[in-house]
Amino acid sequence: MLALATLGAWLATGAHSGWTKTSVTVVEVDAVTGLENPVQQKKFVMGVELLGVGLIGAAVLAGASFLFKTTKTNNQQ
Amino acid sequence: MNKQLILSIAASFAFAGSAFAGSQAFDFKDPKGVNNAVFKLDAPLEAINGTAHGISGTVNYDPEKPESLAGKIVVDAKSLTVPNPTMLGHMQGAQWLDVEQFKEITFEATKVGKVKHEGANVTADVTGKFTLHGVTKEITVPVKLSYLKDKLSQRVPNMPGDLLVIRAKFNIKRTDYGINPGAPTDKVSDEIELTLSLAGASPKK
């Protein structure tokens, strides 16, 4: 579930292959001077480090759940 | 003798005055907040792109004599920003730019060369003192100047005057300015590309 949620969040925020961003740059052009103005707009874009943390966390939890299952089975026997 | 001395002093003042006769002072503190400096440097995974909008300064410019350009552009170091908050903290911190101690990045023009007229625009190489991270070095920057006569009122209503647009793109090395020289260049490149997009206003009185 965690792996799917992480992957879904990463895809939903643009499948960005770089670091996580809390803003994106939009270039506006000033009508009189013709100057390009990069404007920061607040937007969360999930990066690969959070994707990695989510997937590793999911793998760790999956591993732990197998251990827990094994212990439970032994108790029942 | 006294008369000759007075005449020569008067002539000297007249000559000095004529050198700045057509020069206008342009204020680069843009009320519209468009003026910006963009910096770009390579790093693993993705290039670091950032901007700064805290720009001020004054440039004296005579459209008839572009080579007489002189002045200073100031960038507030705290206005430098990148989209990643962790990276922003590192960049502004003591190990990198140390913006608490080195509050300003400045360029003071001292000499203009290779002036070329391209229609309404002028290109030139501007030499000046560039100060970053408390280190000052003389550098030469290729610039494009556009003098926009009577265009100020189109940007700022009810304010007649002229605009001077300056565009520049040049590279510096962070190690030349003592910016974390110990950091490996394969992690954060030594070369920084700077792009300046500036408009200065000269209101008519």
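The values are calculated or read from the model by the stated rules, or taken from the named source; none is laboratory data. Remember, it's a predicted structure, so these values are computed and weren't measured experimentally. Here the Cβ positions follow ideal geometry from the backbone for every residue, glycine too, while neighbour counts run over all protein chains shown.
Quick notes on this one:
- Some residue of the stretch B:94-111 being closer than 30 Å to A:Val32 by Cβ, part of a strand (DSSP E or B) and within 14 Å of chain A (Cβ to nearest Cβ): no
- Residue pairs meeting the criteria (Cβ under 6 Å; at least 6 apart or on separate chains; first on the phi > 0 side of the Ramachandran plot, in the stretch B:71-95; second of a type outside the set (A, V, I, L, M, F, W, C) and modelled with pLDDT of 95 or more): B:Gly71/B:Thr58; B:Gly71/B:Asn60
- Filter result for B:Thr58 (closer than 22 Å to B:Asn171 by Cβ, surrounded by 11 or more Cβ atoms within 10 Å (Cβ to Cβ) and either at pLDDT 90 or above or within 14 Å of chain A (Cβ to nearest Cβ) (or both)): no
- B:Leu148 vs. criteria surrounded by 15 or more Cβ atoms within 10 Å (Cβ to Cβ), under 20 Å from the mean Cα position of the chain (by Cα) and either among the β-branched types (Val, Ile, Thr) or within 30 Å of B:Met87 (Cα to Cα) (or both): no
- Taking the criterion of being under 17 Å from A:Val32 (Cα atoms) and exposed (fewer than 15 other Cβ atoms within 10 Å of the Cβ), the residues of the stretch B:159-197 that qualify are B:Met159, B:Pro160.
- Residue among B:Gly33, B:Gly17 that alone is modelled with pLDDT under 95, closer than 23 Å to B:Leu196 by Cα and outside any strand (DSSP E or B): B:Gly33
- Residue count for the stretch B:81-98 under the criterion of being exposed (fewer than 14 other Cβ atoms within 10 Å of the Cβ) and β-branched (Val, Ile, Thr): the result is 1.
Table: residues versus (1) surrounded by fewer than 18 Cβ atoms within 10 Å (Cβ to Cβ); (2) without any contact (Cβ under 8 Å) to a residue 24 or more places away in the chain; (3) over 18 Å from B:Val75 (Cα atoms).
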{"residue": "B:Ala109", "(1), (2), (3)": "no, no, no"}
{"residue": "B:Val112", "(1), (2), (3)": "no, no, yes"}
{"residue": "B:Lys116", "(1), (2), (3)": "yes, yes, yes"}
{"residue": "B:His133", "(1), (2), (3)": "no, no, no"}
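- Hey, B:Gln101 at pLDDT below 95 and surrounded by fewer than 19 Cβ atoms within 10 Å (Cβ to Cβ) or not: no
- Any hit, the stretch A:44-51, residues being surrounded by fewer than 14 Cβ atoms within 10 Å (Cβ to Cβ), under 22 Å from B:Asn84 (Cα atoms) and of a type in the set (Gly, Ala, Ser): no
- Filtering the stretch B:154-205 to residues that are in a helix (DSSP H, G or I) and β-branched (Val, Ile, Thr) leaves only B:Thr175.
- Residues of the stretch A:32-42 that turn out to be more than 8 Å from every other protein chain (Cβ to nearest Cβ) and more than 15 Å from B:Asn49 (Cβ to Cβ), as a count: 1
- Residue match in the stretch B:135-149 (condition: within 14 Å of another protein chain (Cβ to nearest Cβ), of a type in the set (Asp, Glu) and part of a strand (DSSP E or B)): no
- Hits in the stretch B:129-157 - residues which are farther than 30 Å from A:Ala31 by Cβ and of a type outside the set (Val, Ile, Thr): B:Lys129, B:Phe130, B:Leu132, B:His133, B:Gly134, B:Lys137, B:Glu138
- Search result, residues across the stretch A:11-23 that are within 12 Å of chain B (Cβ to nearest Cβ) and either part of a loop (DSSP other than H, G, I, E, B) or surrounded by fewer than 16 Cβ atoms within 10 Å (Cβ to Cβ) (or both): A:His16, A:Ser17, A:Gly18, A:Trp19, A:Thr20, A:Thr22
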